[in-house]
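The values are calculated or read from the model by the stated rules, or taken from the named source; none is laboratory data. Please read all numbers here as calculations on a predicted model, not as lab measurements. Cβ placement follows ideal geometry from the backbone for every residue including glycine, while neighbour counts extend to all protein chains displayed. Remember, those area values only see protein heavy atoms, side chains included, never the ligands or the DNA or RNA. Shrake-Rupley method; radii C 1.70, N 1.55, O 1.52, S 1.80 Å.
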Amino acid sequence: MLKVGLTGGIGAGKSEVSRLLVACGAVLIDADRIAREVVEPGTPGLAAVVEAFGADVLAADGSLDRPKLGSIVFADPDRLAVLNSIVHPLVGARSRELEQAAAEDAVVVHDVPLLTENGLAPLYDVVIVVDASPETQLDRLVRLRGMTEQDARARMAAQASREKRREIADVVIDNDVPLEELHRRVKDVWADLVRRARAQAGSSRQPQE
């Protein structure tokens, strides 16, 4: 099994890259999706969030009001740290369960937005960083996601810098490009991941001295 960590700044296009890798044959473990699951109504995760932030972060139907919680934590690093201390251990445990269920020869891609910030690079055989300029990120967040410029800049500032992400990368996918070019680059990266996976599988089958 080849364990791949996939990350990138908000608006860099990481979700599109993960979708393309799945289309190539990767097994995807999406930390954002799991983070939503572990705070669904009735979960211990949601109970812990409410205890830390109050019932005001709940919507009328009892689910987590994500925009409300986001407005609190992305403007306050200390509050963000509290939220992370609740959610990250739950996400980690569920991710390990899903990884253990994958085939032995699989290329398992962990889509982890905060891989850099949480020092998780050593957990993976390969770290892929999807990179885009801050100008491109801001444009996508405002134009495609409907964020205000202030909110978009706050979320970008809450993440690691572009330079920090690139420092931990084994592979950088430049996404300041048209979609067709991104597809070509991802296919090249996939071919490299398959080669690495085969080499790793071959070495693991070598007889021990």
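Quick notes on this structure:
- Only one of Asp105, Asp176 that is of a type in the set (Asp, Glu), touching a Ser or Thr at 6+ places or on another chain (Cβ under 7 Å), in contact (Cβ under 8 Å) with a residue 12 or more places away in the chain and not in a helix (DSSP H, G or I): Asp176
- If the condition is being of a type in the set (S, T, N, Q) and in a loop (DSSP other than H, G, I, E, B), then segment 116-138 contributes Thr116, Asn118, Ser133.
- Residue, farthest from the chain's Cα centre (by Cα), within segment 45-56, restricted to residues that are within 18 Å of Ala93 (Cα to Cα) and free of Cβ contacts under 8 Å to residues at least 24 places away in the same chain: Ala47
- Scanning segment 144-161 for residues that are part of a loop (DSSP other than H, G, I, E, B) and over 30 Å from Glu99 (Cβ atoms) yields Leu144, Gly146, Met147, Thr148.
- The requirement of being open to solvent by 90 Å² or more (accessible area, probe 1.4 Å) and touching a residue at least 60 places away in the same chain (Cβ under 8 Å) is fulfilled somewhere in segment 185-203, by at least one residue.
- In segment 159-174, residue surrounded by the most Cβ atoms within 10 Å (Cβ to Cβ) [restricted to those that are at pLDDT 95 or above and of a type outside the set (D, E, K, R)]: Ile173
- Which listed residue is within 18 Å of the chain's Cα centre (by Cα), of a type in the set (S, T, N, Q) and surrounded by fewer than 16 Cβ atoms within 10 Å (Cβ to Cβ), from Ser85, Ser71: Ser85
- Residue check for Leu141: assigned to a helix (DSSP H, G or I), over 16 Å from Ile10 (Cα atoms) and in contact (Cβ under 8 Å) with a residue 60 or more places away in the chain: no
- Residues (in contact with a strand residue (DSSP E or B) (Cβ under 9 Å, 6 or more places away or on another chain), open to solvent by less than 70 Å² (accessible area, probe 1.4 Å) and either in a loop (DSSP other than H, G, I, E, B) or within 19 Å of Ala157 (Cα to Cα) (or both)) located in segment 55-68: Asp65
- Yes/no for Ala52 being in a helix (DSSP H, G or I), farther than 22 Å from Met156 by Cα, modelled with pLDDT of 95 or more and out of contact with any strand residue (DSSP E or B) (no Cβ under 7 Å at 6 or more places or on another chain): yes
- Number of the condition not met by Ala47 [criteria: (1) in contact with a helix residue (DSSP H, G or I) (Cβ under 6 Å, 6 or more places away or on another chain); (2) in a helix (DSSP H, G or I); (3) at pLDDT 95 or above]: (1)
- Whichever residue in segment 35-44 is at pLDDT 95 or above and open to solvent by less than 50 Å² (accessible area, probe 1.4 Å) and, among such residues, is farthest from Gly92 (Cα to Cα): Thr43
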